[in-house]
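Data first, discussion second: the structure below is written as structure tokens.
Rule-based calculations on the coordinates, nothing more; no lab input. Computed from a prediction, not measured in an experiment: that's the story for all the values here. Here Cβ is always computed from backbone atoms with ideal geometry, including for glycine, and neighbour counts include all displayed protein chains.
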Amino acid sequence: MKKLLLVAIAIISSFGILSCQNNERDTLVVGLEAAYAPFNWTVLEGSSYDEAYPLSGTNQYVDGYDVQIAKMIAEELDMELEIKAVEWDGLISSLTNTEDIDLIIAGMSPTAARAETVLFTDEYYASTHVIVLRTDSAYANATSINDFQGANVVGQLSTIYDDVIEQMDGVNHADPLADVPTIITAINSGIYDATVLELPVAIAVIENNPDLTYIEFEPGQGFNVSYEDRVVSIALRQDQQALAEQINAILETISLEDREALMLDAIERQP
């Protein structure tokens with residue numbers, strides 16, 4: 001009897017240890033550029049505020065629409081959040097190859113090509129594509145994407161921004177650049193005439209660059225962009241179907257009005 005009692009106590013103790021281990025909070029590691037306002041941007045340590053979140057491995061912080069979505073998801077999953085800055089071209093590799101991150105929340109469109117490598121959630125934001133250019137540009141009064149003959153147009157490497165330039169008749173499609181800040185600097189300096197951005201990103205750019213403007217086209221005059229290229233989704237590894245379903249359930253609770261409010265707030269805060 002004594003032996004059976006000891007065995008029972010051991011089983012109960014083991015179960016208790018396992019239960020405590022299973023209840024420990026795990027960490028959700030999110031990757032983003034930290035250089036793509038208003039979706040995400042870097043905040044210096046001395047300028048941190050309530051919405052900003054620590055940027056892993058640095059003494060800096062990160063903020064933006066993506067960051068607020070990441071915080072909401074981590075909270076609903078009851079997980080600690082860690083955010084890492086990863087260059088755009090390295091995001092998918094960091095997710096699928098090295099597994100340094102668990103999710104990509106970085107304003108990424110769920111294209112068919114990317115979906116061959118990663119698993120996408122439902123969209124967490126939908127937008128339209130516009131042209132950004134200088135206010136004094138010869139093309140500032142364009143009403144169609146076909147009104148840019150002879151313009152030097154540049155896009156961001158490995159993005160829909162670069163791909164859709166092919167739809168613009170008669171433009172000089174420049175070699176793509178690595179990130180939006182570099183592109184904006186080049187347009188301000190006159191190296192290029194224009195670029196393509198999503199509307200929220202364009203609004204954020206104009207806020208800090210008064211010599212720039214953007215053109216939003218009437219239906220039928222703008223870019224022919226598929227649904228998958230108008231929306232942004234969260235990327236996971238393809239074996240994370242259960243997590244994707246959990247995240248989709250969380251996203252479903254965020255109304256369109258709340259999403260727009262989050263984006264407008266991000267635009268107000270962006271540097």
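Data table
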quantity	calculated
Projected area averaged over orientations for segment 129-224, convex hull of C-alpha atoms, nm²	5.3
Euclidean distance between Cα centres, segment 161-184 to segment 36-78, Å	28
Karplus-derived 3J(HN,Hα), 6.51/-1.76/1.60, for each residue of segment 202-209, Hz, glycine and proline x	4, 4, 5, 4, 5, 4, 9, 9
A178-E252 pseudo-label distance in nm [points 7 Å out on the Cα-to-Cβ vector]	4.1
³J(HN,Hα) computed for each position of segment 57-71 - Karplus, 6.51 cos²θ - 1.76 cosθ + 1.60, integer Hz, glycine/proline x	x, 9, 9, 9, 10, 9, 9, x, 4, 4, 5, 5, 5, 4, 5
Contour minus Cα-Cα distance for E216 and N59 (0.36 nm per residue)	52.7 nm
Mean Cβ count within 10 Å, highest first, over the residues of peptides 42-51, 261-270	261-270, 42-51
Kirkwood Rh and Cα Rg combined as Rg/Rh, the chain	1.10
Alpha carbon centroid spacing (whole Å) that separates segment 226-256 from segment 185-205	28
Sorted by Cβ density within 10 Å, fewest first, the residues L91, L212	L212, L91
Pair T111, L157: separation of 7 Å Cα→Cβ label points (nm)	1.4
Average Cα contact separation per residue, the chain, under 8 Å, 6 or more apart, as relative contact order %	24
Whole-Hz ³J(HN,Hα) from phi, Karplus 6.51 cos²θ - 1.76 cosθ + 1.60, for segment 155-168, glycine and proline x	x, 8, 4, 6, 9, 4, 4, 7, 4, 6, 4, 4, 7, 8
